[in-house]
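S.K.: Pasting in a structure now, in structure tokens, and then I'll have a few things to ask.
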Amino acid sequence: MAGNDEKRLTIHICVGSSCYVRGSDQVAARLEQLIEQAGLADVVEVVGAFCMEQCSMGVTIRIGDTVMDGITVDDIPRFFSEEVLPRLHGANGATHVGR
């Protein structure tokens, strides 16, 4: 359960046509599954976003000022452990991560 010290983290996944055909819906579903399994649904939100201007790079995800492109459903476990979990513990720099 979320306490007063926990913050809400919003993860934006591009659902524009290019990202959609590259599997953004599967990426979102897998990410939501990991969030649920970790008991973080009350502090992590996954939302769709239209075009992030990275169309040729594959599925794009943004958390705060960090943009990651070329994400596949197979990348999501690593993304979750390396990008999502640390942000819930205070590490949240702004970067662009491409494949």
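Here, each number is a calculation from the coordinates, and none is a lab measurement. In this text, all values refer to a predicted model and were calculated from it rather than measured experimentally. Here the Cβ positions follow ideal geometry from the backbone for every residue, glycine too, while neighbour counts run over all protein chains shown.
S.K.: Gain in length, Asp25 to Cys55, computed as 0.36 nm per residue apart minus the alpha-carbon separation, to one decimal in nm?
M.R.: On the way: separation 30, 0.36 × 30 = 10.80 nm, distance 1.53 nm.
Taking Asp25 through Cys55 to full extension adds about 9.3 nm, to one decimal.
S.K.: Multiply the residue gap between Asp74 and Ala41 by 0.36 nm, knock off their C-alpha separation, and tell me the result in nm, one decimal place.
M.R.: 9.8 nm
S.K.: Still on this structure: Can you list the residues of the range 47-65 with backbone N under 19 Å from a point 7 Å past the Cα of Ser18, pointing along Cα to Cβ?
M.R.: 48-63
S.K.: Along the range 9-25, what does the Karplus equation 6.51 cos²θ - 1.76 cosθ + 1.60 (θ = phi - 60°) give for ³J(HN,Hα), rounded to whole Hz, x for Gly and Pro?
M.R.: 10, 10, 10, 9, 10, 5, 10, x, 4, 5, 5, 4, 5, 8, x, 4, 5
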